[in-house]
1. Checking Lys177 against (1) free of Cβ contacts under 8 Å to residues at least 40 places away in the same chain; (2) more than 30 Å from Ala277 (Cα to Cα), only one condition comes out false. Which one?
2. Considering (1) crowded, with 23+ Cβ neighbours inside 10 Å; (2) assigned to a strand (DSSP E or B), say which one Val441 fails and leave the rest.
3. Of the residues Val353, Val359, Val410, only one is at pLDDT 95 or above, more than 30 Å from Arg334 (Cα to Cα) and touching a Phe, Trp or Tyr at 6+ places or on another chain (Cβ under 7 Å); which?
4. For segment 305-361, what are the residues that are open to solvent by 70 Å² or more (accessible area, probe 1.4 Å), β-branched (Val, Ile, Thr) and either in contact with a Cys (Cβ under 9 Å, 6 or more places away or on another chain) or part of a loop (DSSP other than H, G, I, E, B) (or both)?
5. Is at least one residue of segment 516-533 open to solvent by 10 Å² or more (accessible area, probe 1.4 Å), touching a residue at least 60 places away in the same chain (Cβ under 8 Å) and in a strand (DSSP E or B)?
6. Mind checking which residues of segment 362-372 are in a strand (DSSP E or B) and either β-branched (Val, Ile, Thr) or out of contact with any strand residue (DSSP E or B) (no Cβ under 9 Å at 6 or more places or on another chain) (or both)?
7. Taking the residues in segment 637-661 that are of a type in the set (Lys, Arg) and assigned to a loop (DSSP other than H, G, I, E, B) as candidates, determine which candidate is least open to solvent (accessible area, probe 1.4 Å).
8. For segment 261-279, give me the residue count where each residue is open to solvent by 40 Å² or more (accessible area, probe 1.4 Å) and closer than 27 Å to Gln204 by Cβ.
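The values are calculated or read from the model by the stated rules, or taken from the named source; none is laboratory data. All of these numbers come straight from a predicted model, not from anything done at the bench. All Cβ positions, even for glycine, are placed from backbone atoms using ideal geometry, and neighbour counts span all protein chains on display. These area figures cover heavy atoms from the full protein model, side chains too; ligands, DNA and RNA do not enter into them. Shrake-Rupley method; radii C 1.70, N 1.55, O 1.52, S 1.80 Å.
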Amino acid sequence: MPKKRSGGGLTTTQQAAKFLGVAALSGAVLAGIALPAAGALGLAAKGTVEGFDEIPSNLKTPPLSQRTTILDNEGGAIATVYSRDRTVVPLKNISPYMQDAIVAIEDSRFYEHGAIDLKGILRAMNRNVQEGGAAQGASTLTQQYVKNVFVEEAGDDPEKVAEATQQTIGRKVRELKYAIQVEEELGKKKILENYLNITFFGQQAYGVEAASQRYFSKHAKDLKLEEAAMLAGLVQSPTRYDPVNDAEEATKRRNTVLTRMAAVGSISQGEADKAIAAPIKLKVSKPKNGCITAVSGAGFFCDYVRKTILSDTAFGKTAEDRTKLWNLGGLTIRTTLSPRAQQAANEAATSKVNKDDKVAASVVQVEPGTGKILSMGQSRPYGLDQTQHETVLNLAVSNELGGSTYGFQVGSTFKPITAAAALEKGIDPAQSYSSDWKISVPMNSYRNCAGSPVGSGNWDLQNELESEKGAYDMTSALGKSINTYFAKLEQQAGLCETVTMAKKLGYERGDGKPLSDNHPSITLGGTESTPLGMASTYAAFANRGTFCTPIAIEAIKDANGKKVDVPKSSCSRAMSEKTADTINQMLKGVVEDGTGTQAGLMDRDNAGKTGTTNDRVDAWFVGYTPNLSTAVWVGADVGKKVPMYNITIGDQYYDKVCGGCLPGPIWKTAMTGALSASETPSFNPISVPRAKEKEKEKDKDKGRGDNNGGGGNEDSDADPIGGITIPPGFIGGNNGGGNDGGRNGRNGP
């Protein structure tokens with residue numbers, strides 16, 4: 001009975017027949033003979049030569065998957081990402097020792113034969129017959145290259161990889177034909193270059209440059225003789241000869257390569273002996289792949305860049321096209337990330353909230369006028385190790401781009417949007433409304449954009465404190481975040497107008513659904529959005545009324561240095577400059593003596609708004625200078641919402657968390673760190689009418705009144721507003737209030 005190889009496989013006779021068949025087919029291909037489906041060799045079985053004439057005439061060599069480098073806006077590396085850790089280099093940048101070593105051990109007659117080495121095939125066949133197994137192969141280096149191309153095309157698809165490596169005569173025939181074409185079209189030097197760039201060397205390293213960096217932390221052009229020989233030896237079996245895990249086996253294999261190099265005359269015997277005597281000296285560089293390796297806590301921003309490329313049709317019409325672009329890699333992506341701002345945002349997010357707290361913090365910064373995202377920081381580190389409280393959930397962005405399912409209710413940070421809609425409609429900022437701390441408003445007094453009442457019955461709502469009753473104008477209502485005022489202002493300005501203004505300002509729901517106009521509670525921030533969305537919206541106020549869509553990518557070059565088109569920020573006017581200037585002056589009051597005093601910057605013009613939601617499960621501060629907009633959110637990131645009462649966060653106890661007392665200081669830290677002290681632009685000055693101007697003489701007598709937007713700085717004396725005298729103590733702060741519509745009877749989305 002014919003002897004089989006250990007572990008099964010082809011018999012000696014079958015091995016001989018296989019090699020004879022391949023040899024015969026090789027000769028036929030070389031001679032240009034078109035073999036029939038049923039030839040004299042009896043190889044008509046499906047998967048052999050059937051369909052030979054249908055094989056494409058030109059080998060389509062796919063671009064090699066390489067590492068992508070993501071840079072900040074100063075050109076510094078944020079992270080490298082890849083599906084294949086590979087850096088393609090020209091042959092001139094590969095050590096001559098490496099070139100000689102791979103030829104000597106893999107195909108010593110490479111420069112003497114054509115695409116197919118018939119002499120080698122016969123030699124291998126004879127050797128295998130003698131030893132009763134496949135002791136020696138017969139593929140030329142060119143054939144190996146072609147096989148690697150098939151494997152590269154297969155990617156990570158197991159079925160395609162199996163098809164590309166299946167041991168059939170049919171695959172061998174295709175490989176032979178392609179090898180002939182490659183030899184004709186590329187030539188020996190280019191084939192060698194391509195082979196060294198495509199081959200797998202173990203330890204996640206594809207191509208000789210990545211392998212050289214992995215094992216020796218040096219460029220391939222700098223490889224010494226013994227180092228090159230070790231790498232060349234890995235190709236046959238990267239796992240078996242892995243020097244990291246088995247130095248002894250790796251040394252034996254390296255010495256085999258050196259002996260072979262001497263035998264074929266690549267080096268002298270003396271050089272071989274000296275190299276053989278030297279121990280393997282590794283300087284291993286651990287793989288650094290993915291956004292988890294990003295600097296300064298920029299993993300969330302890095303992942304946002306990745307998801308942007310995978311989702312934006314600017315990078316491919318279909319999801320498959322975009323995925324292919326990303327996996328192919330070789331890209332150099334210059335982003336909008338500011339290293340200074342990122343460091344500041346990361347430090348700010350972790351300064352007041354610990355990674356193992358019940359709640360998390362998110363900080364995101366946008367440049368007004370350009371839409372450039374300058375930073376994304378979170379209190380929890382980016383990663384997959386939940387025992388270390390790591391997460392890949394990007395709290396700053398929408399669900400589509402890696403964020404939470406719905407986003408977060410924005411609370412009173414929405415109120416400036418209502419104010420902008422009112423100003424655009426011609427409502428005077430001195431407009432005052434008087435009410436108790438609780439009110440009930442008819443739902444049919446609000447109409448949607450179709451002109452229909454949004455409901456029947458009443459909308460019941462309240463302010464944060466019982467003392468918050470009486471009359472307020474727009475400035476004081478923003479400063480003290482008075483819910484009842486904004487319910488009435490929205491009633492006068494129009495629910496449709498308010499929603500329309502929100503859309504103009506880029507306000508979007510975190511779940512991607514259309515913004516609804518079916519309930520007036522939107523003015524109190526009952527609709528979920530994202531920190532990035534809020535930072536971008538407020539950037540429009542800083543930009544004097546022009547909204548710019550946020551962008552994270554400035555430029556991309558492919559592996560060949562060719563520019564890849566990237567989407568640009570789209571800017572559009574959302575409101576008049578006067579309206580924006582008025583909002584800016586009124587929101588200055590929030591940080592000067594309103595609910596956001598703990599956030600205020602002392603060395604420059606700045607404005608902002610606090611926000612909390614029902615049961616204080618979300619707390620916000622969103623604010624800006626003329627050149628930077630920052631949004632800060634604090635709340636539960638996963639699972640059940642956490643009411644932030646009687647809670648310890650960042651080792652500090654809070655009886656109740658408010659927008660001004662936790663997000664506010666985080667915002668101040670982020671802004672201070674991101675901004676240069678020398679850059680102190682001012683808001684455009686404008687006089688903002690106040691309700692108290694109607695009684696100027698009394699104001700003068702009391703020495704009160706700030707017509708430039710002091711905002712909410714009421715005294716303890718009786719304060720006549722709009723002809724109504726308010727008793728002392730009736731006007732109080734709500735500590736960053738602005739309860740969402742949940743507690744106040746919100747029935748909307």
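1. (1)
2. Just one mismatch for Val441, condition (1).
3. Details: Val353 fails: touching a Phe, Trp or Tyr at 6+ places or on another chain (Cβ under 7 Å); Val359 fails: touching a Phe, Trp or Tyr at 6+ places or on another chain (Cβ under 7 Å).
Result: Val410 is the single residue among Val353, Val359, Val410 that is at pLDDT 95 or above, more than 30 Å from Arg334 (Cα to Cα) and touching a Phe, Trp or Tyr at 6+ places or on another chain (Cβ under 7 Å).
4. Within segment 305-361, none qualify.
5. Yes, segment 516-533 contains a residue that is open to solvent by 10 Å² or more (accessible area, probe 1.4 Å), touching a residue at least 60 places away in the same chain (Cβ under 8 Å) and in a strand (DSSP E or B).
6. Filtering segment 362-372 for residues in a strand (DSSP E or B) gives 362-366, 372.
Hits for segment 362-372 are Val363, Val364, Val366.
7. Residues of segment 637-661 of a type in the set (Lys, Arg): 640-641, 656.
With assigned to a loop (DSSP other than H, G, I, E, B) added as a condition, the list becomes 640-641.
Numbers: Lys640: 178, Lys641: 85 Å².
Here the answer is Lys641.
8. As a first pass, look at segment 261-279 and keep what is open to solvent by 40 Å² or more (accessible area, probe 1.4 Å): 263-266, 268-271, 273-274, 276-277, 279.
Filter once more, so that each one left must be closer than 27 Å to Gln204 by Cβ: 279.
Residues that pass the stated criteria total 1.
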